[in-house]
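The structure appears right after this line, and notes come after that.
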Amino acid sequence: MIDASASYTGTRDRVEDYFDRTATRVWERLTSDAPVSRIRRTVRAGRERMRATMLACLPADLAGARVLDAGCGAGQMCAELAARGATVVGADISPALIAIAGARLAPQLRPKVTFVAGDMLSPELGAFDHVVAMDSLIYYSTPDIADALARLAGRTRGSIVFTLAPRTPLLTLMWRVGRLFPRADRSPLMVPQDHRAIARAAAGRVRHVARVSSGFYISDCLEHRA
Ligand SMILES: C[S@@+](CC[C@H](N)C(=O)[O-])C[C@H]1O[C@@H](n2cnc3c(N)ncnc32)[C@H](O)[C@@H]1O
């Protein structure tokens, strides 16, 4: 068990409920090659650019490196990391998405990847050379993200590459409106972040890498250095 704040566990429970029940099929489709709406195509394209941006922060050859994909979802990043030679742990709070990730992984990469249904911050996952967290911290508050980075940093020799929802006028408006209405499907709200506040909380060890903006997908890539 991890000693996490009530706000962290409350958000995590909401995220689990959403990805493990309400949105499993939508997420499965978005992360596949199946046809999707024009809006979702822009999201898919943005996410592909973001994955490439994050991977560019890591060594090209990951042979011998142990890498955590924190909040791995349907496992797209795990496959890329394993193809570069890493030994990968893909952890996600949604057992349904973990099952999809396991079934999708190419047979030749299976010996390189261990999928775990559970909390991405669990110390039981062990120590890592690098951590990637693509769009999995975006639902948490600033203090919870700072705490998550500190916990992961204590077990990570190299960099932690992660994304945040930026504090743009549109995302901030959506967040403000979203907080006013109780959501029947318990969907988690993305929390727009000022990445400078995260950098301050991490004693200047966080740098802003790039912003990816593609239609309805907008996300900041950041790197926490050891
Ligand atoms: C928007 S999806 C992104 C999935 C994947 N990283 C990707 O980019 O395709 C966010 C994922 O983070 C997972 N997640 C969020 N908080 C988590 C936590 N505390 N522990 C494990 N997984 C978590 C969710 O279950 C969900 O699959």
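Where a number appears in this text, it was derived from the coordinates with a stated rule and is not lab data. Because the structure is predicted, anything quoted here is derived from the model rather than measured. Every residue, glycine among them, receives a Cβ derived from its backbone with ideal geometry; neighbour counts consider all protein chains shown.
Taking the alpha-carbon centroid of each part, what is the distance from the range 34-78 to the range 189-226 in angstrom?
Each part reduced to its Cα centre gives a spacing of 16 Å.
Arranged by the count of other C-beta atoms within 10 angstrom, fewest first, what order do CYS72, CYS221 take? Present the calculation step by step, with values, prior to reporting the outcome.
On the way: CYS72 29, CYS221 23.
Least crowded to most crowded, the residues run CYS221, CYS72.
Can you tell me how much longer the chain between ALA103 and ARG40 gets when fully stretched, taken as 0.36 nm per residue apart minus their C-alpha distance, in nm with one decimal? The partial results should precede the final answer.
Values: separation 63, 0.36 × 63 = 22.68 nm, distance 2.33 nm.
Taking ALA103 through ARG40 to full extension adds about 20.4 nm, to one decimal.
Using a 10 Å cut-off on Cβ atoms, rank the peptides 73-84, 39-50 from the highest mean neighbour count down. Spell out each step's value before the answer.
On the way: 73-84: 22.8, 39-50: 16.6.
Listed from highest to lowest mean packing, they are 73-84, 39-50.
Give, as a single signed number, the net charge of other residues whose beta carbon lies under 9 Å from the beta carbon of GLY71, with Lys and Arg counted +1 and Asp and Glu -1.
Numbers: positive: none; negative: ASP69, ASP92, ASP135.
With Lys, Arg at +1 and Asp, Glu at -1, the net is -3.
Which residue fluctuates the most in the chain, going by a Gaussian network model with Cα springs under 10 Å, if the choices are SER37, SER122, SER187?
Ranking SER37, SER122, SER187 by mean-square fluctuation puts SER37 first.
How would you classify the chain from its alpha-carbon gyration tensor, with a ≥ b ≥ c the square roots of the eigenvalues: rounded for a/c under 1.5, else prolate if a/b is greater than b/c, otherwise oblate?
rounded
Looking at the chain, do any whole DSSP H helices span at least 30 angstrom along their long axis by alpha carbon and average 0.5 or above on Kyte-Doolittle, and which? Don't skip to the answer; put the middle values down first.
Numbers: long enough: none.
Helices meeting the span and hydropathy rule in the chain: none at all.
Convex hull over the Cα atoms of the range 83-195, averaged projected area in nm²?
Values: hull surface 34.3 nm².
Its Cα hull, projected and averaged over all orientations, spans 8.6 nm².
Given the peptides 103-112, 89-98, 12-21, arrange them by the average over their residues of other C-beta atoms within 10 Å, most packed first.
89-98, 12-21, 103-112
Relative contact order for the chain: what is it in percent, counting Cα pairs under 8 Å that are at least 6 residues apart?
Details: 408 pairs, mean separation 51.2, N = 226.
About 23 percent, as a whole number.
Mind checking the full-extension length gain between ASP61 and ALA210? Use 0.36 nm per residue of separation minus the Cα-Cα distance, one decimal, nm.
On the way: separation 149, 0.36 × 149 = 53.64 nm, distance 2.19 nm.
Extending this stretch completely gives an extra 51.4 nm.
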